[in-house]
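*Asks:* Sending over a structure as structure tokens; questions will come in a sec.
What follows draws every value from the coordinates through simple rules; no lab data is involved. These figures come from a predicted structure and were not determined experimentally. Cβ coordinates were reconstructed from backbone atoms using ideal geometry, including for glycine residues, and neighbour counts include every protein chain displayed.
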Amino acid sequence: MKKIIALFVLAVTTPFIGCDTNDDDFYNTEYVRVNGLINVETQSNYQVGDKLYINCNANRLVTEVGQTTPLDIRKTTNNAPSLSFSYVLEKQTSPTEWATVTIPNAQIDLTAGAIESIGFYMATANYNALTDSYQFRAGLPLLSAGTYKLSYGYNSSATDVVELRSNSRSSDITLMIYTTSNAVNSEGNYIFTVN
């Protein structure tokens, strides 16, 4: 009887011994580094009423850091319809405190892609067949004077990269593209003043 119980326990637990608990392996995520896909359209000075524009223009074929053969985002992801990234805009309220600036969707000047204001900004660069690239561009109105900072990755601790994720179907490869953005400092912030 002990032998039967031992065999039963072995049969039940064996399938779980080699179970992968890494969600990225389970969801088939691939990681690449491609610099310069996100851009802040900087101005030398900002006035109340100006807009802070962020854009993403990722060609279908990109060059990975350290590689010579271009990576085809569409082929790798089985034609993912879009790429997404997040960012946060904050306004300084004291020398050490910052408050999140939330602009309603209706007030955002969206010229390409999609954006959702949910305490942070979820940006989606949609694939455009005419330009063979993923495109996003949106302007946040600057409604009051003060010091502001923009940072990327609402749930990310990375300061030197922006995480651009393909919105692939669950059965396809999800591509996590670590990219860079202009104008950010070593702490991953773009700091500017509105007069």
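*Asks:* Can you work out the PRE-style zone for THR193? Point 7 Å along Cα to Cβ, and I want the residues of the range 115-153 with backbone N under 11 Å.
*Replies:* Backbone N within reach: 146-148.
*Asks:* Let me ask something additional. Magnitude of the Cβ-charge dipole of the range 41-118, K/R +1 and D/E -1, about the Cα centre, nearest 20 debye?
*Replies:* 280
*Asks:* Please compute the contact order of the range 130-195 in relative form: average sequence separation of alpha-carbon pairs under 8 Å and at least six residues apart, divided by the residue count, as a percent.
*Replies:* The value is 41 percent.
*Asks:* Separation between the MET176 and ALA145 pseudo-spin-labels, each 7 Å from Cα along Cα→Cβ, expressed in nm?
*Replies:* 4.4
*Asks:* Another question, then. Pairs of Cα atoms under 8 Å, at least six residues apart: use those to get the relative contact order of the range 97-156, whole percent.
*Replies:* Once normalised by length, the contact order is 30 percent.
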